[in-house]
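Comments concern the structure below.
Since every read-out is calculated from the coordinates, none of them should be taken as a lab result. These numbers were taken from a predicted model, which means no experiment stands behind them. Please note: Cβ atoms are built from the backbone with ideal geometry, for glycine as well, and neighbour counts cover all protein chains shown.
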Amino acid sequence: MDPDRHVVDLARRGDLAAFEQLVERHRDVVHRVARRVVGHHDADDVSQDAFLRAFHRLDRFRGEGSFRSWLLQITYNTALNAAERRRREPAEVAEDLAETRPATEPDRVPAERLERRERRERLEMKLGALRPAHRSVLVLRDVEGLSYEEIAQLTEMPLGSVKGRLHRARGELIELLRRNTYDWELPR
């Protein structure tokens, strides 16, 4: 059962506090998905636009899937539309990778921290070089951990297309990384 179901029902009946609760629950993932597609500078605008669209379309939520999946579909489509209108900008990967580092990880010596930061920056540049559709599928699967079925629903693509696009995105990323292999240690 969808953990948001009751809150969605309250929001449909006009309870603004209930919708605020949905925003609080899903704000981070919506922002991450938006940022992956449109970049750091436009992610706030896209996130806000996605939540506004979701609010105005609550009556269209049929409950066949989770509210989260439905909201991420709106976010993904909103971000793709924004990416078409604005100039492309690399996704901000370094910040997210730093956020996911365990708090218990011991502080590294300065040279190791510098090397780690440089690798994150290179990865960010390489991800930014991918086409937005490839980058978003790759991020939804490999960073956000969504299933192939969830990605298919979110992007409104057939399951086979999701798998194919993800395969091509990974291959494209590997090729981009191989062009500068001195620090990636990828096999040939």
**OP:** Give the order of D2, D42 when sorted by the count of other beta carbons within 10 angstrom, beginning with the fewest.
**Re:** D2, D42
**OP:** Just subtract the alpha-carbon distance of R168 and L52 from 0.36 nm times their residue separation and send over the number in nm, one decimal.
**Re:** 38.5 nm
Original post:
To the nearest 20 debye, what is the magnitude of the charge dipole of region 1-89 about its Cα centre, counting +1 on the Cβ of each Lys and Arg and -1 on the Cβ of each Asp and Glu?
Top reply: 280 debye
Subject >> Lys, Arg +1 and Asp, Glu -1 on Cβ, resulting dipole of region 36-77 about Cα centre, debye, nearest 20 >> reply: 240 debye
